[in-house]
Amino acid sequence: MILAAMLTILVSRGPDDWLREAFHGRPGSSWSAVATLEHRKGDLDTVRVCREGTSERLDFRRRSLFLAADSSIWLEHERKTARFSPRHLPPPPPPNGPKVVGRAQLLGREVLILEMAPPRGGTLRFWVDTSLPAVLKSVSVAAPPEDSLPGPPPQRQFLSIQPGVGCPAGSFSIPAGYTRQRGGPGRRDDSTRREGPRRHEVASQEELSKVVGFPIPAPPWMPQGYAPLDFAWVDVRGSKAAQVYYSNGKKRVSVFWKQSNEPPPYCPAGGCKDGRGRVVVFHKVGRLGLAVTGDLPPEDLEKIAGLRK
């Protein structure tokens, strides 16, 4: 989660992949930890962190943050509010990093030491446990200019970690009695605030079918190695649409199904795009509308939607 804007999703195995997985998770992984976060002004937070696959939860003193699928949700416990915003995928890494500069032991675990020089200046160093995966420690070796934007990320230090012990049941659900709001934390007049989708995760495809009221079909095609990762339903103009994430462990594809008597949406020249600038492909399969987007070329998205063989 932290430093997400500096990481990326790449196909090759190397420092980029190790760092990406350490921050964004890996299907099947689980751990829990206690860590400290030191901010730019010297403020120090102690936080409990847990990871289940690519979902993560952080519990601070008065609020919690959990990241699941494409949503980021802040829980303000005193106000009993849950604020939704998109979970952002990171841009490509800078040309000069990250690079392996050494090996060490931290909390009794073997770690790689990676360094990266972000475009805004300075140098960041990470102690990465590639087997968990997790970043057990991060520091700013050389600070960026004081007026750089965004400011330097918090420095983290894991105090303890329990491999294989993931998040407790209910960690990625909204507590009863919390008011749901949309948009990330910050001032209400902040133009950088973004509205996020209202996603409701469920445990299985069978449960998702019961919620939306129709059987969830398999896409007409899916690249080899991709399998369903998680299931959710979303509000689309007052009705429920099914969302299934597929992943090969490195890239993700999101497939939406919705009962509809309408033709597919019209897309202008250049195609329809989602909030991240990715191509969205629409199609109609019987009485179901289908939308596909993800980290694949448009030609593959069209094959998944059944528009191309």
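What follows is calculated from the coordinates using simple rules that are stated; it is not laboratory data. Quick caveat, the model's predicted, so the values are computed rather than measured. Heads up, the Cβs are rebuilt from the backbone with ideal geometry, glycines too, and the neighbour counts pull from every protein chain shown.
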Volume per residue of the C-alpha convex hull in region 198-305, rounded to whole Å³: 110
For region 220-230, 3J(HN,Hα) per residue [Karplus equation, 6.51 cos²θ - 1.76 cosθ + 1.60, θ = phi - 60°, Hz, x = Gly/Pro]: x, 7, 8, x, 4, x, 8, 9, x, 9, 7
For Phe60, residues with placed amide H under 5 Å, excluding near neighbours: Leu65
Peptides ranked, highest mean first, by Cβ atoms within 10 Å: ranges 288-298, 52-62, 128-138: 128-138, 288-298, 52-62
Approximate spin-label separation Ser160-Tyr178, in nm, with each point projected 7 Å along Cα-to-Cβ: 2.5
Karplus 3J(HN,Hα) series, Hz, for region 159-167 with 6.51 cos²θ - 1.76 cosθ + 1.60 (x for Gly, Pro): 8, 7, 8, 10, x, x, 9, x, 7
Pairs from Lys251/Lys303; Lys80/Lys137; Lys258/Lys309; Lys250/Lys303; Lys99/Lys251; Lys273/Lys309 whose Cα-Cα separation, in the structure shown, is over 28 Å: Lys80/Lys137
Options Leu296, Tyr266, Tyr246, ranked by Cα towards positive dipole end of region 198-305, top entry (Cβ charges): Tyr266
Backbone HN-Hα couplings from phi across region 289-302 [Karplus 6.51/-1.76/1.60, Hz, Gly and Pro as x]: x, 10, 10, 10, 8, x, 8, 10, x, x, 4, 5, 5, 5
